[in-house]
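The values are calculated or read from the model by the stated rules, or taken from the named source; none is laboratory data. This structure is a prediction, so every number in the text was calculated from the model and none was measured. For neighbour counting, all protein chains shown are included, and Cβ atoms are generated from backbone atoms with ideal geometry for every residue, glycine included. Remember, those area values only see protein heavy atoms, side chains included, never the ligands or the DNA or RNA. Shrake-Rupley method; radii C 1.70, N 1.55, O 1.52, S 1.80 Å.
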Amino acid sequence: MTSLLELKEIFRSADAVCFDVDSTVIREEGIDELAKFCGVGDAVAEMTRRAMGGTVTFKAALTARLGLIRPSYEQVQKLISDNPPQLTPGIRELVSRLQQRGVQVFLVSGGFQSIVEHVALQLNIPTANVFANRLKFYFNGEYAGFDETQPTAESGGKGKVITHLKEQFHFKKVVMIGDGATDMEACPPADCFIGFGGNVIRKQVKEKAKWYITHFDELLKELEER
């Protein structure tokens, strides 16, 4: 069993750090914001709560929520322009510091590519380092489902992404940071999981994570220790 001190050492010497996006890198849940924008906010928020609690499979929850929202291409673009995602305090500084140290930073999200790429742009993270779900649209812009082949569309998908990154880049130490059950499940293959409760506290994650933080300053301080 890895101690907290060992987890901190893994973080300080990591080759790569993977961040969840919704309620971690950004303050809101992208799918809930999209649902509100499309007029079905309450019903979808309840489904999100169940999905985050780990009581239904991620793919089943995603399919059901998107089936209710049915967002058009135009609605997604308008959401990003009218209500851009709000970065969590401290994330910009943390990502910048990691990059200065030569650490590869990835965004691994069950959210949507178009929204997550917008976030990546603000944090100077290359779009090649974004792993998220892709919405599909018909030629007229109407909702046509989502790409079910993306690893992030499945329960356990974040772990698959980390395995892929380790194989592709030969990373020795990969850290996963996030607020939800799907993030915690990605360790292993991640070498360290850091639970984040700065925007929302998921009881299951807070109880089970050996390292739990509520502000990214805590991680910045760890990096300064060295």
Turns out the helices (runs of 4 or more DSSP H) fully within the stretch 132-226 with at least 2 residues that are crowded, with 17+ Cβ neighbours inside 10 Å, touching a residue at least 24 places away in the same chain (Cβ under 8 Å) and under 19 Å from the mean Cα position of the chain (by Cα) are 157-169, 181-184
Out of curiosity, is V25 closer than 23 Å to K203 by Cβ and modelled with pLDDT of 85 or more? yes
What pairs come up if the first residue lies in the stretch 89-114 and is among the hydrophobic types (A, V, I, L, M, F, W, C), the second is in a helix (DSSP H, G or I) and open to solvent by 20 Å² or more (accessible area, probe 1.4 Å), and their beta carbons are under 8 Å apart, counting only those six or more places apart or on different chains? L94/L220; V105/Q99
Where a residue in the stretch 47-70 is in the same structural domain as F146 (by the TED database) and modelled with pLDDT of 85 or more and its partner, wherever it lies, is surrounded by fewer than 17 Cβ atoms within 10 Å (Cβ to Cβ) and aliphatic (A, V, I, L, M), with Cβ under 7 Å and at least six apart: none
Which one of I115, I125 is part of a loop (DSSP other than H, G, I, E, B) and crowded, with 18+ Cβ neighbours inside 10 Å? I125
What number of residues within the stretch 56-108 satisfy the criterion of being basic (K, R), closer than 18 Å to Q122 by Cα and open to solvent by less than 50 Å² (accessible area, probe 1.4 Å)? 0
